[in-house]
1. With 99, 49, 25 as the choices, which residue is closer than 30 Å to residue 132 by Cβ and of a type in the set (A, V, I, L, M)?
2. Applying the selection to region 26-40, what residues are part of a helix (DSSP H, G or I) and aliphatic (A, V, I, L, M)?
3. Go through region 35-64 residue by residue and tally those that are within 21 Å of residue 105 (Cα to Cα) and of a type in the set (D, E, K, R).
4. Only one of these conditions is not met by residue 139: (1) over 17 Å from residue 10 (Cβ atoms); (2) modelled with pLDDT of 85 or more; (3) of a type outside the set (S, T, N, Q). Which number is it?
5. Of the numbered conditions (1) at pLDDT 95 or above; (2) of a type in the set (Lys, Arg); (3) surrounded by 12 or more Cβ atoms within 10 Å (Cβ to Cβ), residue 38 fails exactly one; give the number of that condition.
6. Would you say residue 70 is outside any loop (DSSP other than H, G, I, E, B), more than 16 Å from the chain's Cα centre (by Cα) and of a type in the set (A, V, I, L, M, F, W, C)?
7. Taking the residues in region 1-24 that are in a loop (DSSP other than H, G, I, E, B) and among the β-branched types (Val, Ile, Thr) as candidates, determine which candidate is farthest from residue 111 (Cα to Cα).
8. If you check 27, 32, which single one turns out to be modelled with pLDDT under 95, over 21 Å from residue 105 (Cα atoms) and in contact with a Lys or Arg (Cβ under 6 Å, 6 or more places away or on another chain)?
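The values are calculated or read from the model by the stated rules, or taken from the named source; none is laboratory data. Everything numeric here is computed off the predicted structure, so don't read it as measured data. Note: ideal-geometry Cβ built from the backbone for every residue, glycine included; neighbour counts use all protein chains shown.
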Amino acid sequence: MDKVIYKKEGIKQIQVNEQGDYIEIDLMDIELPFKVDKTRKELVRQNGIYKNICKSLEKQYKDNEDLLRVKEYQAEVDYCKKCRQVLDGLLGEGACYKIFGDTNRYAMFDDYFEQLSETLGEMEIDIKAIKEKLVNKYKKNKEIM
């Protein structure tokens, strides 16, 4: 049986750790700016939820410092799990494991998103270039026929 594998163009590979692991981002994906914006907004939303939970816990457990710390710890673990899901949604399944390993820290998701800002800037989609590429591609096919 023959195999036909779609050849993607415009794929940006980004090395994410010292072991040489990388993630791939499709710069030709016309939905990419929306996906990036949605991810950024969701990270901000999750951060707000986490902060509200912590404020609520402080009120609820103001007389029990030990229990407060345990509850805050669990809230931070939950926050990190949700942020991993959000970033994996943009960068691909397992990307956060490649980037962070098993480590979870409150600020690491925002920090990494900022580090990606240079690369994310390259993801600005040039609609004119995409249209020209498509026209030229199908123009060649039409000339062959």
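1. Details: 99 fails: closer than 30 Å to residue 132 by Cβ; 49 fails: closer than 30 Å to residue 132 by Cβ.
None of the others qualify; the one that does is 25.
2. Step one: list which residues in region 26-40 are part of a helix (DSSP H, G or I), which gives 32-40.
Residues satisfying the conditions are 32, 36.
3. Of region 35-64, the ones within 21 Å of residue 105 (Cα to Cα) are 39-58.
Now narrow it down to the ones that are of a type in the set (D, E, K, R): 40-42, 45, 51, 55, 58.
Qualifying residue count for the region: 7.
4. Of (1) over 17 Å from residue 10 (Cβ atoms); (2) modelled with pLDDT of 85 or more; (3) of a type outside the set (S, T, N, Q), only one is false for residue 139: (2).
5. The number of the failed condition is (1).
6. Details: outside any loop (DSSP other than H, G, I, E, B): yes; more than 16 Å from the chain's Cα centre (by Cα): yes; of a type in the set (A, V, I, L, M, F, W, C): yes.
Answer is yes for this residue.
7. Kept after step one, since they are in a loop (DSSP other than H, G, I, E, B), are these residues of region 1-24: 1-10, 16-21.
Going one step further and asking which of them are among the β-branched types (Val, Ile, Thr), we end up with 4-5, 16.
Working: 4: 40, 5: 36, 16: 13 Å.
So the residue we want is 4.
8. Details: 32 fails: in contact with a Lys or Arg (Cβ under 6 Å, 6 or more places away or on another chain).
Testing whether each residue is modelled with pLDDT under 95, over 21 Å from residue 105 (Cα atoms) and in contact with a Lys or Arg (Cβ under 6 Å, 6 or more places away or on another chain) leaves just 27.
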